[in-house]
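Structure first, then comments.
Just so you know, all these numbers are worked out from the coordinates, no wet-lab data involved. This structure is a prediction, so every number in the text was calculated from the model and none was measured. Heads up, the Cβs are rebuilt from the backbone with ideal geometry, glycines too, and the neighbour counts pull from every protein chain shown.
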Amino acid sequence: MDASGEELADRVRALLTLDRNVEEKRMFGTRAFLLDGHILVGARTGGVLLVRVDEEHGASLITRPGVTVAVMGARTMGTSWLDISPSLLVDDHDLASWLDIARQDAQRDG
């Protein structure tokens, strides 16, 4: 992963440190943060944030500028896997908002 991905991972880690159920792993070229064993978010090359959401919620979120369906290798994922542009993650408040979206959707699925 490049420097901007590592910087994003550091920011995510700092915001998730209070949650003891979050585990960090390297997966699929991403620094993934798992909640109760399921991917919550991931820091990707280029400072892109991978966010896992409920599929229906994802379908509405991809209408926002800077939000796209994630591509992993040659595979385009469904609307439950979103890439969030670094332009939407300028400060920690912006990043925390996306972490909250992922957490809320994970709780709905759990």
Open item on the list: Which order do the peptides 83-89, 94-100, 37-43 come out in when sorted by mean C-beta neighbours inside 10 angstrom, highest first?
Closed with: 37-43, 83-89, 94-100
Task: Net length gained if the chain between residue 107 and residue 7 were fully extended (0.36 nm per residue, minus Cα distance) - done: 33.3 nm
Open item on the list: Give me the extension gain from residue 45 to residue 97: residue separation times 0.36 nm, minus the current Cα-Cα distance, reported in nm with one decimal.
Closed with: 16.7 nm
Open item on the list: If I take every Cα pair under 8 Å that is 6 or more residues apart in the chain, average their sequence separation and divide by the length, what percent do I get for the relative contact order?
Closed with: 23 percent
Task: Ranked 69, 51, 90, criterion: other C-beta atoms within 10 Å, fewest first - done: 90, 69, 51
- [ ] Compute the distance in nm between two label points, each set 7 Å from the Cα along the Cα-to-Cβ direction, one at residue 25 and one at residue 74.
- [x] 2.5 nm
Open item on the list: Projecting each Cα onto the charge dipole of the chain (Lys/Arg +1, Asp/Glu -1 at the beta carbon, about the Cα centre), which of 14, 73, 90 comes out farthest on the positive side?
Closed with: 73
TODO: Could you tell me which label, among (1) 12.2, 32; (2) 14.6, 44; (3) 12.5, 35, carries the value of Rg and Dmax of the Cα atoms in Å calculated for this structure?
DONE: (3)
